[in-house]
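The values are calculated or read from the model by the stated rules, or taken from the named source; none is laboratory data. Bear in mind the structure is a predicted one, so any value in this text is a computation, not a measurement. Quick reminder, even Gly has a Cβ in these numbers, built from the backbone with ideal geometry, and neighbours come from all protein chains shown.
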Amino acid sequence: MAKKMALPKIGVNMTEAVIVKWLVRVGDKVNDGDALIEAETDKSTQEIYATDSGVVAKLLFGEGDTVQCHQDILVLVDEGEKYSGDAPLPVVQQEPEQLQKADTRLRNVPTKPVLAQGNRIKISPLAKKMAKEIGIDIQMLYPATPGSRIVKADILAFKPQDTQAQVIAELPAGEYLQRIAMSPMRRAIASRMSESNLQKPCAALTTTAGAEALLALRERYRQRGIPLSIDAILVKIAGRALSLHRNINTVLKGNEILVKRDINVGVAVDTPKGLMVPVIQNADSKTLAEIGENLAVLAVEARESRIAGKDIRGGTFTITNLGMFDIEQFTPVINPPECCILAIGAIKKVFAADENDQPVLKKAFQMTLVFDHRIVDGAPAAKFLKDFKEFVENPELLI
């Protein structure tokens, strides 16, 4: 019996996904748990797995299509059964040679694109990809052969100067350079940042911390053959400081402040597709070496868009470091629903007084704590930041 499989919701904030690549074709046998597609969600690109077994009879969307959660994406039938519905269309197929050589004179009689199920325009994945790269609105395209779908030949034959084609309007000269569609991840970032700014009355505290002991600790680990980043040490410090200041490891739910049991520290990572925040679970109970190794792996997976959903959820505190870009101080936006975020600036040489009150050149950096003033007041936030600085300047206290 034919049965449809829907796109599962694999994250709390996930509402849709873009099909990057189909991993199965019509006629393939799949089992429950097999990987079906690579999909770009609001968090990352990850595999979506089958929730049923059968033989693929029809793919309902093509590569590049946006699919809503719980929307059907394919049809499965039992082995040996023939699908009685419409003939299945492969997701990836070669454009017919005769269409590639289509006479562009056919375009003198424009016809509207054929709408597929769900009021989607029928267009091949390759043609859709080309249109997106060139900046052509597919709603303004029409097929060379009336009633068929838009293919590569239609994109190649497209002429912006053809007034009969009702082509997409060019960007106003001198005003815009490019039109860029927001990806699901970019839209998710925009939504969360808007939510944070609108709902969280924030305040910020900045202090300067000496970096000499921090750098010395990193060097000692390096000499032992253990690579350790500054961010990894800061995650460990955050875990310890949060265990002493549970009022920072909190979220607001209605009229209640909920103290989180686990201390999960996220680290903002810049990726080609946007900002991602891998989370080190239970940072207070992990060793420095464990945190260093874990963070290094997660950062690579985030940049390559293959990080697992579980590794970017559940954060209770976030660290964001722009020191590598020579930024000395900045005020970040809190990652909701968390209470705080800590900004780390570039390590610089500054003059400071020694034990004899004589000026000496030392390495230091600025830290800015942004906190949700609904949850915590300035004094408790300042106490947390003071202890955080103490651990930075005296990391032996972590032991």
- Enumeration of residues in region 193-230 that are touching a residue at least 60 places away in the same chain (Cβ under 8 Å) and either of a type in the set (D, E, K, R) or in a strand (DSSP E or B) (or both): E195, K200, C202, A203, A204, L205, T206, T207, T208, A209, G210, E212
- Message: If a residue must be of a type in the set (A, V, I, L, M, F, W, C), in contact with a Lys or Arg (Cβ under 8 Å, 6 or more places away or on another chain) and within 20 Å of K273 (Cβ to Cβ), how many such residues does region 308-358 contain?
- Response: 1
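I need the strands (runs of 3 or more DSSP E) fully contained in region 18-82, keeping only those with at least 1 residues that are more than 23 Å from the chain's Cα centre (by Cα) and either within 23 Å of K122 (Cβ to Cβ) or of a type in the set (S, T, Y) (or both).
On the way: elements: 35-40, 45-49, 54-59, 66-68, 72-77.
By residue number, 54-59, 72-77.
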- Of the residues G378, G314, G345, which single one is closer than 28 Å to Q199 by Cα, out of contact with any Leu (no Cβ under 8 Å at 6 or more places or on another chain) and among the small types (G, A, S)? G314
- Any idea which of I226, I248 is out of contact with any Gly (no Cβ under 6 Å at 6 or more places or on another chain), at negative phi, at pLDDT below 95 and not charged (D, E, K, R)? I226
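Each row is one residue, and each column tells you yes or no for (1) under 22 Å from I189 (Cα atoms); (2) without any contact (Cβ under 8 Å) to a residue 60 or more places away in the chain; (3) in contact with a helix residue (DSSP H, G or I) (Cβ under 9 Å, 6 or more places away or on another chain).
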site	(1), (2), (3)
A302	yes, no, yes
R313	yes, no, no
E328	no, yes, no
N335	yes, no, yes
C340	yes, no, yes
I347	no, no, yes
L361	no, yes, no
A364	no, no, yes
K389	no, no, no
- Task: Report yes if some residue within region 336-354 is surrounded by 13 or more Cβ atoms within 10 Å (Cβ to Cβ), outside any loop (DSSP other than H, G, I, E, B) and not hydrophobic (A, V, I, L, M, F, W, C); otherwise report no.
- Result: yes
- Message: If I go through region 364-399 residue by residue, how many of them are in contact with a Gly (Cβ under 8 Å, 6 or more places away or on another chain) and surrounded by fewer than 17 Cβ atoms within 10 Å (Cβ to Cβ)?
- Response: 1
- Query: Across region 268-327, what is the number of residues that are touching a strand residue (DSSP E or B) at 6+ places or on another chain (Cβ under 7 Å), closer than 26 Å to I257 by Cβ and surrounded by fewer than 16 Cβ atoms within 10 Å (Cβ to Cβ)?
  - Reply: 1
- Query: So, in region 128-181, of the ones that are surrounded by 10 or more Cβ atoms within 10 Å (Cβ to Cβ) and at positive phi, which residue ends up modelled with the highest pLDDT?
  - Reply: G135
- Query: Within the bounds of region 277-286, is there any residue that is at pLDDT 95 or above, of a type outside the set (K, R), closer than 12 Å to A232 by Cβ and more than 12 Å from the chain's Cα centre (by Cα)?
  - Reply: yes
- Query: Does I307 satisfy the condition of being closer than 23 Å to L217 by Cα and either in contact (Cβ under 8 Å) with a residue 40 or more places away in the chain or part of a loop (DSSP other than H, G, I, E, B) (or both)?
  - Reply: no
- Query: For the subset of region 216-241 comprising residues that are among the charged types (D, E, K, R) and more than 10 Å from A283 (Cβ to Cβ), which member is surrounded by the most Cβ atoms within 10 Å (Cβ to Cβ)?
  - Reply: D231
- Inspect all residues belonging to region 368-380 and state whether any of them is part of a loop (DSSP other than H, G, I, E, B), closer than 22 Å to I237 by Cα, touching a helix residue (DSSP H, G or I) at 6+ places or on another chain (Cβ under 6 Å) and not small (G, A, S). no
- Yes or no: L361 buried (at least 17 other Cβ atoms within 10 Å of the Cβ) and at negative phi? no
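If you go through region 242-264, how many residues are more than 15 Å from N282 (Cβ to Cβ) and buried (at least 24 other Cβ atoms within 10 Å of the Cβ)?
1
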- Query: Which condition number does F365 fail, the rest of (1) assigned to a strand (DSSP E or B); (2) touching a Leu at 6+ places or on another chain (Cβ under 8 Å); (3) modelled with pLDDT of 95 or more being met?
  - Reply: (2)
